[in-house]
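Quick notes on the structure that follows.
The values are calculated or read from the model by the stated rules, or taken from the named source; none is laboratory data. Please read all numbers here as calculations on a predicted model, not as lab measurements. Here the Cβ positions follow ideal geometry from the backbone for every residue, glycine too, while neighbour counts run over all protein chains shown. All accessible areas refer to the heavy atoms of the entire protein, side chains included, with ligands and DNA or RNA removed. Shrake-Rupley method; radii C 1.70, N 1.55, O 1.52, S 1.80 Å.
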Amino acid sequence: MGNMFLFALIVGIASALILIPVYGNNKSTDKKSHNKSTKEDRKFIPGAIIAVLVILIPSVYAFYYFTNYDRNLSSLWVLAIVVTAIGAVFSTGLERKVKALLFVASLVLGVYFLTAFLFNSDEKYEIAKMDQKVEIKTFDEKETPASVPPEFARNKMKKAFGQVPNTSYYELGNLQIQKVDNEYVYIAPVEFSGFFKWWKGKETPGYFTLSATDSSDNPKFIQSTMIYTPSSFFNKSIERHIRMQFPKHIFYGDVQLEIDDEGKPYYIRSFGEYISARNGFDVKGVVVVNSKNGSTKSYALSDVPEFIDGAVSPEIVSLQNSYFGNYIHGYWNSLFGKSDVKLPSDEGTEANVSPIFDQNGDMYYFTDFTSPKEGVDSMLGYSLTNSRSGEATYYTGNPEDSYMDSQGALQIIEKKFIEKKWHGEMPVIYNFYGEASWLTPVLDSNGFLQNYFIVSAANPEISVFGVTPNEALKQYKTALQRGGGSVDGSSNADEKQTTGTVLRVYKEKSGDFTIVSFLLDNKKSYIISSEKEQLVIYLKEGDQVNITYLDTAEDFLPAKEIEIEGLQ
């Protein structure tokens with residue numbers, strides 16, 4: 001608080017000295033009257049300065065207090081233009097010339113700030129430049145993606161809000177995903193529902209958690225007192241508290257709640273620096289605040305505590321995706337020629353990006369890129385940005401294939417369930433069994449989860465849906481076999497052969513074909529469609545079989561060929 005008052009005091013004094021003419025503005029030729037006016041001017045100047053200070057210091061203080069604006073000198077450029085212009089108008093002689101020069105200098109500085117975006121696009125692109133690869137690693141049904149859509153999670157939390165004490169004081173805060181104690185969960189803080197509720201309550205009681213991988217899970221309310229929150233006011237507002245501790249930091253993106261493995265809540269906010277002239281942004285670190293006692297610490301990205309997943313805010317990732325997609329050949333090309341320009345999707349769940357986790361439990365922000373040409377739903381590539389380091393990789397996909405973008409996947413879902421008026425949310429591209437595929441949760445008009453839809457990005461006619469992601473994956477494996485997809489021959493799994501006796505058989509109808517699952521005496525299970533081997537419908541317990549299969553390490557190994565002794 002003291003630092004802000006000192007800042008406002010210095011700005012007020014400097015502005016007053018420029019605004020008020022030091023030598024007065026009298027042009028009288030009469031000596032007596034001149035002497036009299038000089039005495040009056042000398043009396044007037046201190047009074048005028050004091051009057052200006054009385055008005056200006058509280059105004060500057062109030063502006064920076066309520067806006068949480070950074071207190072760097074460069075933030076004063078608008079005020080500098082106004083003050084020097086007024087000071088030059090009301091002064092005379094040499095003083096006017098000096099103040100006019102200050103006005104010109106501040107005006108040039110203002111023009112520089114306002115036009116910096118025209119000239120720093122190359123620097124923006126270099127900062128956002130990504131490593132490039134073709135495809136991500138194969139994902140199989142033994143790994144569970146974070147597939148519960150946030151709209152559904154939020155609805156479930158709202159229905160469980162009765163767990164919160166003094167419910168009428170509070171409302172559900174922003175939802176975000178995190179890994180807590182090796183579990184992927186959604187987290188949403190309980191926030192004040194208005195100023196008077198904060199005035200009476202002073203603190204919030206805790207936060208909700210909900211599994212991000214299990215749609216049948218129920219929300220749990222965790223009691224943990226929080227005093228510094230986004231919905232608190234004055235010095236208990238988390239953004240203002242952070243600004244008071246770090247008056248010169250440049251922040252970008254909203255504050256986010258992070259929970260450590262002991263369940264303690266912390267608020268974090270990413271900071272960095274301008275690329276040039278208060279324009280553009282390059283992330284450098286994160287500020288972490290204990291939401292109960294307000295203790296605050298700043299970390300560089302390389303030193304971020306282990307429990308923090310989203311050190312780089314989704315808003316920053318979305319901004320850098322925009323730099324990478326638009327400025328490959330400079331600013332003007334992004335407007336007119338648009339050579340090699342690719343537009344990041346706006347279908348993400350957090351600031352146009354979607355958080356996902358890899359097989360190691362590390363969180364990434366996913367975004368797909370499409371062509372700037374209208375009416376084209378072809379995906380040009382997709383990016384994964386590490387949420388702790390900010391390092392990003394751009395995947396071009398197989399150049400021989402034309403991949404459908406996320407908007408195209410959502411349109412297929414809308415047409416598939418047009419009568420029920422269901423819609424998709426949070427489309428993410430995975431490499432299922434060597435096939436680039438969109439996995440999308442499907443919700444009804446009330447925001448409740450109905451099923452999971454998987455569609456091939458290269459072959460949109462191959463699509464399935466199931467109640468759970470694993471069920472959809474099993475059906476998708478079969479659909480790929482029928483459609484000649486990658487499970488048939490281009491999966492990364494090794495092709496192997498085995499011989500054995502059938503112990504158990506299970507058959508189920510899937511469209512015009514039968515899906516046969518069977519267990520051999522080697523205690524391994526296999527699956528194959530009658531579309532590939534028609535005689536498999538006659539398979540029974542006790543049969544001797546020779547099979548060729550893909551060793552995907554799944555519970556049911558996909559068989560490519562099967563020979564049944566006595567039937568061949």
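The table for this structure:
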item: Length-normalised contact order of the chain in % [C-alpha pairs under 8 Å, at least 6 apart]; result: 10
item: Relative contact order of the stretch 42-199, defined on C-alpha pairs under 8 angstrom at six or more residues apart (%); result: 11
item: MRE, 222 nm, helices only [DSSP H, n ≥ 4, -39500 (n - 2.57), over the chain, to nearest 500]; result: -9500 deg cm²/dmol
item: Val82, Val286, ranked by accessible area, largest first (probe 1.4 Å); result: Val82, Val286
item: Protection-proxy order for peptides 342-348, 6-12, each taking the mean of Cβ atoms within 10 Å per residue, highest first; result: 342-348, 6-12
item: Average projected area [Cα convex hull, the stretch 102-220], square nanometres; result: 14.8
item: For the stretch 267-283, Karplus couplings with θ = phi - 60° (6.51, -1.76, 1.60), whole Hz, Gly/Pro x; result: 9, 10, 8, 7, 10, x, 9, 5, 6, 6, 6, 6, 9, x, 8, 10, 6
item: Computed lengthening from Val82 to Leu535, 0.36 nm per intervening residue step minus Cα-Cα distance; result: 154.4 nm
item: Cα gyration tensor, the chain - rounded (a/c under 1.5), prolate or oblate; result: prolate
item: Ordering of 533-539, 436-442 by burial proxy (mean other Cβ atoms within 10 Å per residue, highest first); result: 436-442, 533-539
item: Per residue accessible area in Å² of the stretch 236-281, where ligands, DNA and RNA are left out and the probe is 1.4 Å; result: 38
item: Residues Ser525 and Gln245, FRET efficiency given R0 of 60 Å [Cβ-Cβ distance, rounded to 0.05]; result: 0.55
item: When each of Lys133/Lys507; Lys415/Lys474; Lys156/Lys338 is checked by Cα-Cα distance, pairs over 32 Å; result: Lys133/Lys507; Lys156/Lys338
item: Contour minus Cα-Cα distance for Thr92 and Val104 (0.36 nm per residue); result: 2.7 nm
item: Pairs of Cα atoms farther than 28 Å apart, the stretch 366-505, %; result: 25
item: Extension gain (nm, one decimal) between Glu126 and Asn546, 0.36 nm per residue minus Cα-Cα; result: 145.6 nm
item: Per-residue ³J(HN,Hα) for the stretch 153-160, Karplus 6.51 cos²θ - 1.76 cosθ + 1.60, θ = phi - 60°, Hz, x for Gly and Pro; result: 4, 5, 4, 5, 5, 4, 5, 9
item: Segments 171-180, 552-561 sorted - mean Cβ within 10 Å per residue, highest first; result: 171-180, 552-561
item: The stretch 310-446: relative contact order as a whole-number percent, Cα under 8 Å and 6+ apart; result: 17
item: Summed side-chain charge close to Ala457 - residues other than Ala457 whose Cβ falls under 10 Å, Lys, Arg +1, Asp, Glu -1; result: -4
item: Too-long pairs where the Cα-Cα distance tops 32 Å, listed order kept, from Lys159/Lys200; Lys129/Lys220; Lys129/Lys248; Lys248/Lys342; result: Lys129/Lys220; Lys248/Lys342
item: Accessible surface of the chain, 1.4 Å probe, proportion on carbon and sulfur as whole %; result: 53
